[in-house]
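The structure under discussion appears below in the form of C-alpha cells.
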Amino acid sequence: MKKPKICLIFCGGTIGMVRNPSTGVLGPAQDASEILRLFPELQKIIQFDFKVLVNIDSSNMSPDIWTQIARKIHELYDLYDGFVIAHGTDTMAYTASAISFALQNLNKPIVLTGSLVPLNEIGSDGRNNLIYACLTATLDIAEVCIVLSNHIIRGNRAKKFHESFSALFHSPNFPVLGELGRPIKLEDWRLKRRDRKLKYEPRFDSNISVLKLFPGFDPAIIDKVLARKAHGIILEGFGPGNVPSNIIMQIEKCSKRGIPLVLANQMEKGITNLTSYAVGFEAFEAGAISSKDMTTEACVAKLMWVLAQTRKLSEVKKLMESDLAGEMSI
Ligand code: ASP
C-alpha cells in the first residue's frame, strides 16, 4: 500500500530545544533535522520530508515568518497529503490562526504541534505529540489544527491554557475536533477532505495595537495609539465587551478617522456582546466592531490579515464580522 506523504515544517519551540549545560536554560538546538531520526516507527508507515524554516523560541515568531510558512506550504501544497508544523506553544495559537487566514479552503490538514519538555529529555511529551500530529495529518480532516494534550483543536479557536501535559491548550468557544487515542476519534463537525480550490493570501499588516482595559484606564492611551498611526486597534473590554464611558469619544475618533477598533473581551470563555449593557451599546454606537466569540489570538491574526486586504473601514468591518475560516460562530 502507498504510504501517505507528510511534510514536517520545523519552526522551533521547546520540542527542538536543548538545555544549556551551565545555565540550565532552554534554547534552540543547532541541528533540528536530527529530530526525524528519532522516529523510525513513524517512517515505516508515513513517507516524510523535513524542512527547517526557522529554529526559534516562538516568542520571536512574527507576521513575516507567518508569511514564510504560508508560502512554503503553498509551494508544496500539491505534493503532500498533509503538513505538520513543529512550533513553540507560547504563540502557537496566533500562528495557527494566521495560517488559517492565509490558506483558506483547505482540502488537507495543516497540524501544529510542540511540547513542554524537549524531545531529548526524560519524560518528554514531544514524542507522543509529534507522532499524533503526523498521524492526524494523514486523516480525513481539512483544516488548520493543533494536536496537543490528547486533543485535536481547531487552530483559530485555540488558547494556551496551562503548562501541563493534560491541559496545555483549550478551545473555549468551539468543541474539540477529535480525541487522540487508539484509534484517533474524529468529530463530525470537523472540515473533511474534499475538492476545494485553495485561497492563498499570505500577507499581514502588523501595524495594529492590542489594549486591555483596566479600572483607571487613561483614554489618552488610545490617542497615543492613534498618533502613532496604527491601522487598527483591538481593545479587550470588561465582561462581554463593556467599556468605561470616558473612552467613547476615543472610539468615535477612531471611526471618524477610518481606523477599525475591534472590541474583544477579557473573559476566559468569553463572547463579546455589545447589546447586553448600555456601557457596551454606547461603544457599538460609536462604531466599535464586535469580536463575537473569537479568541483575542484569532482576532489579532485576522485583523492583520484583513488590513493587508483592505483599509476601507466598511470592508474591514464586514470581513471582521464574517466567519472566514471557522474562527467565529455566526
Ligand atoms: N518558549 C517556548 C516557545 O514557545 C515554549 C514551548 O515551546 O512550549 O517557543
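A few comments on the model shown:
- The residue list Ile65, Ile46 contains one member that is buried (at least 16 other Cβ atoms within 10 Å of the Cβ), β-branched (Val, Ile, Thr) and in contact (Cβ under 8 Å) with a residue 60 or more places away in the chain, which is Ile46.
- Being over 17 Å from Gly326 (Cα atoms) and surrounded by fewer than 21 Cβ atoms within 10 Å (Cβ to Cβ) is a description that does not apply to Pro260.
- Looking across the stretch 242-271, the residues that are in contact with a Leu (Cβ under 9 Å, 6 or more places away or on another chain) and either within 21 Å of Phe161 (Cα to Cα) or charged (D, E, K, R) (or both) come down to Lys253, Arg257, Ala264, Gln266.
- Scanning the stretch 300-317 for residues being surrounded by fewer than 23 Cβ atoms within 10 Å (Cβ to Cβ), touching a Leu at 6+ places or on another chain (Cβ under 8 Å) and not aliphatic (A, V, I, L, M) gives a total of 2.
- Of everything listed in (1) assigned to a loop (DSSP other than H, G, I, E, B); (2) more than 17 Å from the chain's Cα centre (by Cα); (3) crowded, with 22+ Cβ neighbours inside 10 Å; (4) not hydrophobic (A, V, I, L, M, F, W, C), the single unmet condition for Gly237 is (1).
- Residue selected from the stretch 109-131 under the condition away from the ligand (no atom under 16 Å from the Cβ) and either free of Cβ contacts under 8 Å to residues at least 12 places away in the same chain or over 18 Å from the mean Cα position of the chain (by Cα) (or both), by the criterion surrounded by the most Cβ atoms within 10 Å (Cβ to Cβ): Ile131
- Residue identified as among the aliphatic types (A, V, I, L, M), in a loop (DSSP other than H, G, I, E, B), away from the ligand (no atom under 15 Å from the Cβ) and crowded, with 23+ Cβ neighbours inside 10 Å among Leu106, Leu139: Leu106
- Selected residue (only one of Val243, Val262 is more than 20 Å from Glu315 (Cβ to Cβ) and modelled with pLDDT of 95 or more): Val243
Residues checked against (1) within 22 Å of Arg71 (Cα to Cα); (2) among the basic types (Lys, Arg):
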position: Met1; (1), (2): no, no
position: Leu8; (1), (2): yes, no
position: Ile15; (1), (2): no, no
position: Asn20; (1), (2): no, no
position: Val25; (1), (2): no, no
position: Asp31; (1), (2): no, no
position: Ile35; (1), (2): no, no
position: Glu41; (1), (2): no, no
position: Lys44; (1), (2): no, yes
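- Filtered by the rule that a residue be assigned to a loop (DSSP other than H, G, I, E, B) and over 18 Å from Met328 (Cα atoms), the stretch 169-186 gives Leu180, Gly181, Arg182, Pro183, Ile184.
The values are calculated or read from the model by the stated rules, or taken from the named source; none is laboratory data. Predicted, not measured: the structure shown is a model, and the values here were computed from it. Counting neighbours? That spans all protein chains shown, and the Cβs are built from the backbone with ideal geometry, glycine included.
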